[in-house]
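Engineer: Sharing a structure here in structure tokens format.
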Amino acid sequence: MGEVNSDILIDAWRRLLVNPNASWVLFEHGTCVVLTAPEGDLAEQAEEILRRVGPVHVGSSAGDFTVINPEDAEGWAVTSHHPDVLTYVAADEIEEHTDIAVGLYGRSKRHRDGTELRVVHVEDKRDEAPPA
């Protein structure tokens, strides 16, 4: 058990995200912020979102999560109360593979990312998006 390296996380998010033209920012512990209206410095934009919605406040909507078990990944995506903030949990990070164990672990990773705010990758797709 342990942390997943950045290259594995980047590859996982490239496969998991539904919109291949979306810009997104990855944080150290696996939280991805998808930027639906990317502008300016994407890392700063994502940090602002995650600073606001990343930390967990039990008993509030910030403690909510859903576990998604995608077919093309060796792990899970854990949603949050914000539709554009998700956290990846690799299968080898935890021993118990139940939705509650995965969700709680993913939520704790989001909390760490929301308080530490260390960006490890920016996927800027603004120039690649097809014209409207």
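Laboratory data are not the source of any read-out in this text; all were calculated from the coordinates shown. Please read these numbers as outputs of a predicted model, since none were measured by experiment. Virtual Cβ from ideal backbone geometry, glycine too; neighbours counted across all protein chains shown.
Engineer: Within segment 58-71, does at least one residue satisfy the condition of being in contact with a helix residue (DSSP H, G or I) (Cβ under 7 Å, 6 or more places away or on another chain), in contact (Cβ under 8 Å) with a residue 60 or more places away in the chain and buried (at least 20 other Cβ atoms within 10 Å of the Cβ)?
Structural biologist: no
Engineer: Just to be sure I understand, how many residues within segment 111-128 are surrounded by 17 or more Cβ atoms within 10 Å (Cβ to Cβ) and more than 17 Å from residue 5 (Cα to Cα)?
Structural biologist: Residues in segment 111-128 being surrounded by 17 or more Cβ atoms within 10 Å (Cβ to Cβ) and more than 17 Å from residue 5 (Cα to Cα): 2 in total.
Engineer: While we're looking at this one, here's another question. Just to verify a result, which residue in segment 89-109, among those that are outside any loop (DSSP other than H, G, I, E, B) and either in contact with a Lys or Arg (Cβ under 8 Å, 6 or more places away or on another chain) or among the acidic types (Asp, Glu) (or both), is surrounded by the most Cβ atoms within 10 Å (Cβ to Cβ)?
Structural biologist: Per the stated criteria, the residue is 89.
Engineer: Any idea which of 46, 77 is small (Gly, Ala, Ser) and in a strand (DSSP E or B)?
Structural biologist: It is 77.
Engineer: Here's something else I'd like to know. Report, by residue number, each residue of segment 1-42 that is buried (at least 18 other Cβ atoms within 10 Å of the Cβ), assigned to a helix (DSSP H, G or I) and within 14 Å of the chain's Cα centre (by Cα).
Structural biologist: 9, 12, 13
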